[in-house]
Amino acid sequence: MNIIKGLVVIGILIAVICVGCSSAVPTKPIQQQPVQKSYNVEFIVTGTAPKAVIGFRCDNSGKDFVSEVQDIPWERKLSCRPGPGQNFTLSVTHRVDSPGSITCEIKVDGITGDSETLSAMKDGLSMVSCSVFP
């Protein structure tokens, strides 16, 4: 009888230890949020046209920043944190009644990612845009 009681006690102890072990192991892997890297971004507009309307996107806020008519050359340096799959964009619209060319350029951490140039057309508006996926 003492042997049976001893085996029952050992069985209970093993069951308690095993239950404690299994509850210490997580059942789901812990998912970490990806860290959004910050980039130093330069939005640059140059050219022979005297003025242009400039718009750009820097981060994952979903807001585009559009300026009024700006003198050229124009530049903004910002620290940007895009969301997954988002890019940096710069668009420049130039009226034909002021002749000349416009160039947009985006530099990311000091390296030119995109640069585009467009000369004014004869009628209407000219637009040039740059885009960089970090």
Touching a residue at least 40 places away in the same chain (Cβ under 8 Å), closer than 21 Å to D109 by Cβ and in contact with a strand residue (DSSP E or B) (Cβ under 7 Å, 6 or more places away or on another chain): is that true of F88 in this structure?
yes
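State whether one or more residues within the stretch 24-32 are modelled with pLDDT of 80 or more and not charged (D, E, K, R).
Let us first name the residues in the stretch 24-32 that are modelled with pLDDT of 80 or more, namely none.
No, the stretch 24-32 contains no residue that is modelled with pLDDT of 80 or more and not charged (D, E, K, R).
Suppose the filter is in contact with a Lys or Arg (Cβ under 9 Å, 6 or more places away or on another chain), more than 20 Å from L118 (Cα to Cα), modelled with pLDDT under 85 and polar (S, T, N, Q); does Q36 pass it? Give the steps one after another, and end with the answer.
On the way: in contact with a Lys or Arg (Cβ under 9 Å, 6 or more places away or on another chain): yes; more than 20 Å from L118 (Cα to Cα): yes; modelled with pLDDT under 85: yes; polar (S, T, N, Q): yes.
It is true that Q36 is in contact with a Lys or Arg (Cβ under 9 Å, 6 or more places away or on another chain), more than 20 Å from L118 (Cα to Cα), modelled with pLDDT under 85 and polar (S, T, N, Q).
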Test set (1) part of a loop (DSSP other than H, G, I, E, B); (2) of a type outside the set (S, T, Y); (3) touching a Lys or Arg at 6+ places or on another chain (Cβ under 7 Å) - V69 fails condition number:
(1)
For the stretch 82-126, enumerate the residues that are surrounded by fewer than 16 Cβ atoms within 10 Å (Cβ to Cβ), at pLDDT below 90, within 24 Å of the chain's Cα centre (by Cα) and not small (G, A, S).
P84, N87
Could you tell me whether any residue of the stretch 61-76 is crowded, with 19+ Cβ neighbours inside 10 Å, more than 12 Å from S129 (Cα to Cα) and modelled with pLDDT under 90?
no
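The values are calculated or read from the model by the stated rules, or taken from the named source; none is laboratory data. None of the values given here were measured: they were computed from a predicted structure. FYI the Cβ positions are ideal-geometry reconstructions off the backbone, even for glycines, and counts take in every protein chain you see.
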